[in-house]
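A.B. asks: The structure that follows is given in the form of structure tokens.
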Amino acid sequence: MNRDEALLHVKPHLTEKRFEHTIRVADTALSLAEKYGVSKEQAELAAIFHDYAKYRPVAELRRWVESSYLPKDLLQYHHELWHGPVGSMLIELEYGIHDQDVKSAIYYHTTGRKDMSPLELVLFVADYIEPGRQFPGLDEVRQMAKLDLVKSAWMISRNTINFLMSKNQPIYPDTFYAYNDLTNKVYGGF
Ligand code: DGI
Ligand code: FE
Ligand code: FE
């Protein structure tokens with residue numbers, strides 16, 4: 001599926017703002033893919049569909065989790081965490097996208113996980129640093145993304161956990177697994 005076709009498929013499922021975010025994530029993912037030797041086709045496709053399920057009603061997302069292979073522990077966490085896993089499943093069902101690398105980049109784009117693939121890292125970082133976002137600490141991550149993909153993912157994982165803890169939010173295990181694994185990769189084990 002080419003870029004324009006993919007964008008036509010996702011557009012009706014997103015708000016105007018989210019569609020613009022999606023285009024910026026796709027462009028950011030493309031340039032990270034180019035820089036770090038990841039397939040540009042896979043990076044672009046994963047980016048275009050990464051928030052595909054974001055505006056499904058919560059009750060529908062819940063039904064998809066309940067009735068599929070997705071892990072049921074998701075249901076004990078905020079529904080914001082469901083759109084990645086459900087989206088990765090729906091693009092296969094609805095568009096026949098069977099590429100497991102693309103599916104898993106979408107699956108883990110919100111939380112990360114242990115041992116992320118280069119493609120997963122590209123989407124995880126692109127979603128966070130796309131030029132439409134602005135908050136304290138983001139420019140530091142943008143600079144790092146030009147130098148070291150793993151270290152920039154580590155910063156994102158750390159910032160996300162710090163942010164969630166400051167809001168007294170529960171943290172999904174994969175979010176911690178990503179942080180621990182990236183910390184070991186950046187700073188070495190003990
Ligand atoms: O869909 P986007 O807004 O582009 O970005 P996203 O999918 O990365 O993140 C959606 C939200 O999920 C973001 O506000 C941070 C939050 N989040 C990430 N990890 C966790 C989390 N929320 C909880 N409760 N627990 C997590 O582990
Ligand atoms: Fe998302
Ligand atoms: Fe996003």
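The values are calculated or read from the model by the stated rules, or taken from the named source; none is laboratory data. In this text the structure is predicted, and so the values were computed from the model without any measurement. Cβ: placed from backbone, ideal geometry, glycine included. Neighbour counts: every protein chain shown. These area figures cover heavy atoms from the full protein model, side chains too; ligands, DNA and RNA do not enter into them. Shrake-Rupley method; radii C 1.70, N 1.55, O 1.52, S 1.80 Å.
A.B. asks: For the stretch 3-134, give the percent of accessible area contributed by carbon and sulfur heavy atoms, probe 1.4 Å, rounded to a whole number. Spell out each step's value before the answer.
C.D. replies: Details: 3210 of 6010 Å².
Of all accessible area on the stretch 3-134, carbon and sulfur atoms account for 53 percent.
A.B. asks: Same structure, new question: If a helix is a whole DSSP H run, which ones in the chain reach 20 Å or further along their own axis (Cα) and hold a mean Kyte-Doolittle hydropathy of at least 0.5?
C.D. replies: Working: long enough: 16-36 (30 Å, -0.62); 149-166 (26 Å, 0.54); 173-187 (21 Å, -0.81).
Helices passing the filter in the chain: 149-166.
A.B. asks: Among 94, 130, 120, determine the one that fluctuates most according to a GNM of the chain built with springs between C-alpha atoms less than 10 Å apart.
C.D. replies: Of the options given, 94 has the highest mean-square fluctuation.
A.B. asks: Hey, another quick one. What residue among 76, 100, 143 shows peak mean-square fluctuation when the chain is described by a Gaussian network model with Cα springs under 10 Å?
C.D. replies: Among 76, 100, 143, the largest GNM mean-square fluctuation belongs to 76.
A.B. asks: Please identify the longest segment of the chain free of exposed trypsin sites (Lys or Arg not before Pro), where exposed means a DSSP state other than H, G, I, E or B and no more than 15 other Cβ atoms within 10 Å. Kindly include the intermediate steps, with their values, before the conclusion.
C.D. replies: Working: sites that count: 114, 133, 146, 167.
Value returned for the longest uninterrupted segment is 1-113.
A.B. asks: How high is the relative contact order of the chain? Use alpha-carbon pairs under 8 Å, at least six apart in sequence, and give a whole percent. Mind showing how you got there, number by number?
C.D. replies: Working: 245 pairs, mean separation 39.0, N = 190.
After rounding, I find 21 percent.
A.B. asks: Here is a follow-up. FRET efficiency for residue 187 and residue 138, Cβ-Cβ distance as r, R0 = 25 Å, nearest 0.05? Before the final figure, lay out the partial values.
C.D. replies: On the way: r = 22 Å, r/R0 = 0.87.
Efficiency, from the Cβ-Cβ distance: 0.70.
A.B. asks: Sticking with this one: How big is the C-alpha Rg of the chain next to the rule-of-thumb value 2.2 N^0.38 Å, as a ratio? Mind dumping the intermediate values first?
C.D. replies: Details: Rg = 15.7 Å, N = 190, 2.2 N^0.38 = 16.2 Å.
Relative to the 2.2 N^0.38 Å estimate, the chain comes out at 0.97.
A.B. asks: Another question, then. Can you work out the accessible area per residue across the stretch 3-134, with the rest of the protein chains kept in place, probe 1.4 Å, in square angstrom? Walk me through the intermediate numbers first.
C.D. replies: Working: 6010 Å² over 132 residues.
Counting only protein heavy atoms, the per-residue value for the stretch 3-134 is 46 Å².
A.B. asks: Okay, moving on. Too long at a 24 Å Cα-Cα cut-off: which of 72/151; 11/40; 40/146; 17/72?
C.D. replies: Values: 72/151 31 Å; 11/40 21 Å; 40/146 17 Å; 17/72 31 Å.
In this structure, 72/151; 17/72 lie more than 24 Å apart at Cα.
A.B. asks: Dividing the alpha-carbon radius of gyration of the stretch 29-78 by 2.2 N^0.38 Å (N being the number of residues), what value is obtained?
C.D. replies: Working: Rg = 15.1 Å, N = 50, 2.2 N^0.38 = 9.7 Å.
My calculation over the Cα atoms of the stretch 29-78 gives 1.55.
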